[in-house]
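For reference, the structure discussed in these notes is given below.
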Amino acid sequence: MRKLLGLPAALSVASVFLALSAVQALGATVTCGERITQSTTVDNDLSGCSGFASLIVSGDNITLDLNHHTISGDANSGIFVAGENVTVRDGTVSGFSNGNGVSIAGNGTAAFVTRMTAIGNYIGFSAIRGDTLFERNLAADNLVDGFYARSGPGTSVTATFVQNRAYSNGRLGINTNRTDGGKNHAHKNGDPRQCVGVVCRP
């Protein structure tokens, strides 16, 4: 998966991830700094984590289902994704004011992030490497951007945004130079442009 070119491609990518996530997820109580190496359904809220990341997703072809639980703390990332073909879904990351709620940063990473909420982090959702589909997520009250997905020196990212919402973030709702999958919404963000790189309606 190296190209995410608009809505049809986004939907096909989503179907791939859903097929991969059909593998039975292991129910688990997670702890701070834990590495997730197999499909996991989280059985608990997780708070007070510090250091590199609250959870590190390093397995390939797996799903991390937060099962509507909340990950909070002051680590550099709430969830750090380094595995290939990873789905992160159905939960909240909050309070990471020195870092990102969800970070997609592993070399060659392909990620599908859906139905996640990022509140009160430095950046809500960040992708600086690999391929990511952001679909139906909410970023609110983050200090800088709600969503950030840009290539930089030594990094390459491909990202598609579909039906995300970004409200009351310090700068932009969505900050990207990647692909607009459509139906993204943003308002009351600090930068009057609201979104850069995709079209956002109020």
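The values are calculated or read from the model by the stated rules, or taken from the named source; none is laboratory data. Worth saying up front: this structure is predicted, and the values here are computed from it rather than measured. Quick reminder, even Gly has a Cβ in these numbers, built from the backbone with ideal geometry, and neighbours come from all protein chains shown.
Observations, loosely collected:
- Residue check for ASN189: within 16 Å of SER77 (Cβ to Cβ) and either out of contact with any helix residue (DSSP H, G or I) (no Cβ under 8 Å at 6 or more places or on another chain) or not hydrophobic (A, V, I, L, M, F, W, C) (or both): no
- Within region 60-76, being assigned to a strand (DSSP E or B), touching a residue at least 40 places away in the same chain (Cβ under 8 Å) and within 20 Å of THR37 (Cβ to Cβ) holds for ILE62, THR63, ASP65.
- Residue check, ASP141 of a type outside the set (A, V, I, L, M, F, W, C), closer than 24 Å to SER94 by Cβ and surrounded by fewer than 18 Cβ atoms within 10 Å (Cβ to Cβ): yes
- Scanning region 94-133 for residues that are surrounded by 24 or more Cβ atoms within 10 Å (Cβ to Cβ) and either among the aliphatic types (A, V, I, L, M) or touching a helix residue (DSSP H, G or I) at 6+ places or on another chain (Cβ under 6 Å) (or both) yields VAL102, ILE104, ALA110, ALA111, PHE112, VAL113, MET116, ALA118, ILE123, ALA127, LEU133.
- Residue check, TYR122 within 15 Å of GLY95 (Cα to Cα) and either without any contact (Cβ under 8 Å) to a residue 60 or more places away in the chain or β-branched (Val, Ile, Thr) (or both): yes
- Index of the failed condition, ASN177 passing every other in (1) touching a strand residue (DSSP E or B) at 6+ places or on another chain (Cβ under 6 Å); (2) surrounded by fewer than 18 Cβ atoms within 10 Å (Cβ to Cβ): (1)
- Among the residues of this structure, VAL86 does not count as one that is within 21 Å of ARG193 (Cα to Cα), over 10 Å from the mean Cα position of the chain (by Cα) and either at pLDDT below 95 or not aromatic (Phe, Trp, Tyr) (or both).
- Lone unmet requirement of (1) touching a residue at least 60 places away in the same chain (Cβ under 8 Å); (2) surrounded by fewer than 24 Cβ atoms within 10 Å (Cβ to Cβ); (3) over 14 Å from the mean Cα position of the chain (by Cα) for THR158: (3)
- Failed condition for THR160, given (1) more than 23 Å from ASN98 (Cβ to Cβ); (2) not in a strand (DSSP E or B): (2)
- Matching residues, region 92-115, being touching a residue at least 40 places away in the same chain (Cβ under 8 Å), in contact with a Lys or Arg (Cβ under 9 Å, 6 or more places away or on another chain) and among the hydroxyl-bearing types (Ser, Thr, Tyr): THR114
- Test: residue in region 167-189 that is touching a residue at least 24 places away in the same chain (Cβ under 8 Å), under 25 Å from THR63 (Cα atoms), under 12 Å from the mean Cα position of the chain (by Cα) and assigned to a loop (DSSP other than H, G, I, E, B): no
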